[in-house]
Amino acid sequence: MDETSDTRQRLSNRIGEKQRDLQSYLGRERPRRTRLANISIVGSALAAAFAAGPAVGGTGFTDAVAAFFNLSDDSVVWRGLCLLAVIASIAAALATNFATSRSVADRVSAAETASAQLEGLQVALNFGHIEIDEAVKLYQQYATQVAFVEASPAQ
């Protein structure tokens, strides 16, 4: 392949574009991954907490809560807590399934890895420590690992 500085510059520009696409993707997906994980964790914990009172305390717990809130029937307490536990459990399950079905964590990790690899390739290319043929092969290898990342619209 042509080893001119123009060819190196074109490849360098292409690497820069791919890195910008990856950073844009990561900027959107990292918060989403974190949000889904947090919903899953908090929802599971709340479901357990809502179910724990009646499960551990039994009728003594429900009678005490009913008296505290001036309720005539303690069944309102355990039905309300069970309903809240179901809602929290459903939220946790949905968040976990959304994250898993779309492989959010795996894709974010792949994008982070490819970004680091491209950064190393960019440095090697800019300082002339790699032949252009090898650089093109590595670029193609790294880019195919993140084929799910869409290119930014041309400006």
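The values are calculated or read from the model by the stated rules, or taken from the named source; none is laboratory data. Everything quoted here is computed from the prediction, not taken from an experiment. Because the Cβ atoms are built from the backbone with ideal geometry, glycine has one as well, and the counts that use them run over all protein chains shown. Ligands, DNA and RNA are stripped out before the accessible areas are found, and what is left, the full protein with its side chains, is counted by its heavy atoms. Shrake-Rupley method; radii C 1.70, N 1.55, O 1.52, S 1.80 Å.
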Margin query: Which of the numbered conditions does Asn70 fail, given that it passes all the others? Conditions: (1) assigned to a helix (DSSP H, G or I); (2) without any contact (Cβ under 8 Å) to a residue 12 or more places away in the chain.
Written below: (1)
Note to self: If Ala114 satisfies all but one of (1) touching a helix residue (DSSP H, G or I) at 6+ places or on another chain (Cβ under 9 Å); (2) over 30 Å from Thr4 (Cβ atoms), what's the number of the condition it fails?
What the structure shows: (2)
Item checked: the stretch 44-78, residues that are under 30 Å from Asn97 (Cα atoms), open to solvent by 70 Å² or more (accessible area, probe 1.4 Å) and modelled with pLDDT under 95 -> Ala55, Val56, Trp78
Notebook entry, point to check: Could you count how many residues in the stretch 97-155 are open to solvent by 80 Å² or more (accessible area, probe 1.4 Å), charged (D, E, K, R) and under 25 Å from Arg30 (Cα atoms)?
Noted result: 5
Check: Somewhere in the stretch 105-125, is a residue more than 17 Å from Lys18 (Cα to Cα), part of a helix (DSSP H, G or I) and either free of Cβ contacts under 8 Å to residues at least 40 places away in the same chain or polar (S, T, N, Q) (or both)?
Finding: yes
Check: Could you give every pair whose Cβ atoms fall below 8 Å, whose first residue belongs to the stretch 12-30 and is over 16 Å from Val123 (Cα atoms), and whose second residue is surrounded by fewer than 17 Cβ atoms within 10 Å (Cβ to Cβ) and at pLDDT below 95, counting only separations of at least 6 or pairs across chains?
Finding: Asp21/Glu150; Asp21/Ala151; Asp21/Ser152; Ser24/Ser152; Tyr25/Glu150
Next item on the list: Taking the residues in the stretch 12-43 that are acidic (Asp, Glu) and more than 14 Å from Ala105 (Cα to Cα) as candidates, determine which candidate is most open to solvent (accessible area, probe 1.4 Å).
Entry: Glu17
